[in-house]
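The values are calculated or read from the model by the stated rules, or taken from the named source; none is laboratory data. Here the structure is a predicted model, which is why all the values come from computation and not from measurement. Don't worry about glycine lacking a Cβ; one is built from the backbone with ideal geometry, like all the others, and counts go over all protein chains shown. Side chains included, ligands, DNA and RNA excluded: accessible areas come from the protein's heavy atoms. Shrake-Rupley method; radii C 1.70, N 1.55, O 1.52, S 1.80 Å.
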Amino acid sequence: MPARARPTRAPRRKANPLKARGIEHVDWKDAALLRTFISDRGKIRARRVTGLTGQQQRQVAVAIRNAREMALLPYPHAGR
């Protein structure tokens with residue numbers, strides 16, 4: 001007798017960290033906030049990992065790039 005397939009639940013949506021903090025506009029000067037969207041190697045985390053909307057992800061990416069130019073955040077580490 002074959003095993004009965006269990007019904008699968010849809011995964012819960014990730015909570016939006018910017019909405020939880022009440023942030024509407026991402027500022028490049030807020031390095032502490034931007035560090036939450038960067039991996040330990042300095043790469044920008046993907047939208048599906050962070051739980052941001054597409055528009056917020058673009059704002060965060062631009063802010064991270066600006067903060068890197070101002071030496072507030074590190075550039076990605078080129079590991080070999």
Amide hydrogen neighbours beyond the local backbone of Ile38, cut-off 5 Å, H modeled: Arg45
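How large a share of the accessible area of the chain, in percent, is made up of carbon and sulfur atoms when the probe is 1.4 Å and the other protein chains stay in place?
Numbers: 3460 of 6830 Å².
With neighbouring chains kept in place, the figure for the chain is 51 percent.
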Using the Karplus equation 6.51 cos²θ - 1.76 cosθ + 1.60 (θ = phi - 60°), what ³J(HN,Hα) coupling, rounded to whole Hz, does each residue of region 36-49 give in order, writing x for Gly and Pro? 5, 9, 10, 6, 5, 8, x, 8, 6, 6, 6, 4, 5, 7
In nm, the gap between the two label points placed 7 Å beyond Cα toward Cβ at Arg45 and Arg21 is 1.1
Intensity falloff of the chain expressed as log10 I(q)/I(0), Debye formula with alpha-carbon point scatterers, at q = 0.24 Å⁻¹: -1.17
Magnitude of the Cβ-charge dipole (Lys and Arg +1, Asp and Glu -1) of the chain about the Cα centre, nearest 20 debye, reported as 620
Per DSSP H run of n ≥ 4, the term is -39500 (n - 2.57); total these for the chain, divide by its residue number, and report the mean residue ellipticity at 222 nm rounded to 500 deg cm²/dmol. -9500 deg cm²/dmol
In Å², and per residue, what accessible area does the chain have when probed at 1.4 Å with the other protein chains present? 85
